[in-house]
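Take a look at the structure set out below.
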Amino acid sequence: MAYSGKYTPKNISKYLGDHTNIWYRSLWERRVMVHLDDNTNVIGWSNEEIVIPYLSPIDGKWHRYFPDFFVKVRNKSGMVESMILEVKPKSQSVPPKVQGKMTRKYITEVRNWGINEAKWKAAEEYCKDRKWKFSVITEEQLGI
């Protein structure tokens, strides 16, 4: 199976967007798509259909963040909850460990963390305004 590709949902009526244009960029994202598509508690979902503006700490300019998933789910008490989910490796979901030597790898990790942190703060505010939840899902939650 390819690490990225097009996903065709089984339950087209649950997809909140253009069901003919769903792309996964990792097998982890594909795993989430299959789960959302199959889970009877999921009322609707979409992939990279929401746009959240964020201010980049790298260049000080506004950019657009397309979170991986928007999900509407019926919880155990029967209430409908909305949430945004981002799929990331655990190593990218925490700040990099401070190193004594400024290697290219470390500088890249710091840069990526700064961008991710800015995106996620913007997403948390976006969700808070709408009474939604925001979560970053790593390989731990996916059972990998």
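The values are calculated or read from the model by the stated rules, or taken from the named source; none is laboratory data. On a predicted model such as this, the values are computed, not experimentally measured, just so you know. So basically every Cβ, Gly included, is an ideal-geometry build from the backbone, and we count neighbours across all protein chains shown. Note: accessible area is taken over every heavy atom of the protein model, side chains too, but ligands, DNA and RNA are not part of it. Shrake-Rupley method; radii C 1.70, N 1.55, O 1.52, S 1.80 Å.
Hey, what angle do you get for helix 27-38 against the long axis of the chain, alpha-carbon based, 0 to 90 degrees rounded to 10?
Long axis of 27-38 versus the principal axis of the chain: about 20 degrees.
Of the trypsin sites (Lys or Arg not before Pro) in segment 25-78, which ones lie in a loop per DSSP and count no more than 10 other C-beta atoms within 10 Å?
On the way: sites: ARG25, ARG30, ARG31, LYS61, ARG64, LYS72, ARG74, LYS76; in loops: ARG25, LYS61, LYS76.
Counting only loop positions with at most 10 other Cβ atoms within 10 Å, the trypsin sites (Lys or Arg not before Pro) in segment 25-78 are LYS61, LYS76.
Quick one: go through segment 44-74 and flag any residue whose amide nitrogen is under 16 Å from the point 7 Å out along the Cα-to-Cβ line of SER82.
Flagged as within label range: 44-53, 67-74.
Once both axes come from the Cα atoms, what is the angle between helix 104-130 and the longest principal axis of the chain, in degrees from 0 to 90, rounded to 10?
40 degrees
What residue among MET102, MET33, MET83 has the largest mean-square fluctuation in a Gaussian network model of the chain, using Cα springs under 10 Å?
MET102
Taking amide hydrogens as modeled 1.01 Å from N in the peptide plane, which residues meet the under 5 Å criterion relative to ASN41, leaving out close sequence neighbours?
Amide H to amide H, under 5 Å and 5 or more residues apart or across chains, ASN41 pairs with nothing.
Given labels modelled 7 Å from the Cα in the Cβ direction, how far is it in nm from VAL51 to TRP23?
With each label point 7 Å from Cα toward Cβ, the separation is 1.6 nm.
I'd like the carbon and sulfur percentage of the solvent accessible area for the chain, probe radius 1.4 Å, heavy atoms only, ligands and nucleic acids excluded.
On the way: 4900 of 9240 Å².
That fraction is 53 percent.
Compute the Cα gyration tensor for segment 74-144, then decide on rounded, prolate or oblate, letting a ≥ b ≥ c be the square roots of its eigenvalues: rounded whenever a/c is under 1.5, prolate when a/b is larger than b/c in the other cases, and oblate in all that remain.
Values: a/c = 4.46, a/b = 2.03, b/c = 2.20.
The shape class here is oblate.
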